[in-house]
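Read through the structure below, which is laid out as structure tokens, and then see the notes.
The values are calculated or read from the model by the stated rules, or taken from the named source; none is laboratory data. Everything numeric in this text was worked out from a predicted model, so none of it was measured. For neighbour counting, all protein chains shown are included, and Cβ atoms are generated from backbone atoms with ideal geometry for every residue, glycine included.
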Amino acid sequence: MIYKIFRADEWAALQAKGETDGAPIDVADGYVHFSTATQVAETAAKHFAGADDLYLLSVDESTLGNALKWEVSRGGAKFPHLYRKLTIADVVAVHRLPLVDGAHVFPENL
């Protein structure tokens, strides 16, 4: 699994339209940013600090085909980048990411 963090309005837009180019940073960069299970907490802390309206989307990377590229990013680590629209059909699970004492609480089963 790979993971995408969306704000509530971004998640609502994906549900309403059935597809998305992603968050503003995704649109600017030309691909949808994802994180692995070991990267996603750091992504939340770095890019979503203090945000309490977040959703964690789980996507089965094996279903994305050649549109998914693993590219070097933060700290020299490879991150998954999706070079097509993310569709609602790609999403296999969604979890709220509550903010507790300034930190996001992730599901235990990542």
Report yes if some residue within the stretch 78-95 is more than 10 Å from the chain's Cα centre (by Cα), assigned to a loop (DSSP other than H, G, I, E, B) and surrounded by 14 or more Cβ atoms within 10 Å (Cβ to Cβ); otherwise report no.
-> yes
Does L68 satisfy the condition of being of a type in the set (A, V, I, L, M, F, W, C), within 14 Å of the chain's Cα centre (by Cα), surrounded by 13 or more Cβ atoms within 10 Å (Cβ to Cβ) and farther than 19 Å from A44 by Cα?
-> yes
In the stretch 36-70, residue nearest to L86 (Cα to Cα) [restricted to those that are without any contact (Cβ under 8 Å) to a residue 60 or more places away in the chain and of a type in the set (D, E, K, R)] = D60
Restricting attention to the stretch 46-60, and to residues there that are of a type outside the set (G, A, S) and in a loop (DSSP other than H, G, I, E, B), which single residue is farthest from the chain's Cα centre (by Cα)?
-> D52
With (1) surrounded by fewer than 17 Cβ atoms within 10 Å (Cβ to Cβ); (2) at pLDDT 95 or above; (3) of a type outside the set (A, V, I, L, M) as the list, and T20 as the residue in question, which single condition is left unmet?
-> (1)
For the stretch 1-24, which residues satisfy the criterion of being closer than 25 Å to V72 by Cα and without any contact (Cβ under 8 Å) to a residue 12 or more places away in the chain?
-> P24
Residues of the stretch 24-45 being surrounded by 13 or more Cβ atoms within 10 Å (Cβ to Cβ) and either in a loop (DSSP other than H, G, I, E, B) or not aliphatic (A, V, I, L, M) (or both), which ones?
-> D26, Y31, H33, F34, S35, T36, A37, Q39, E42, T43
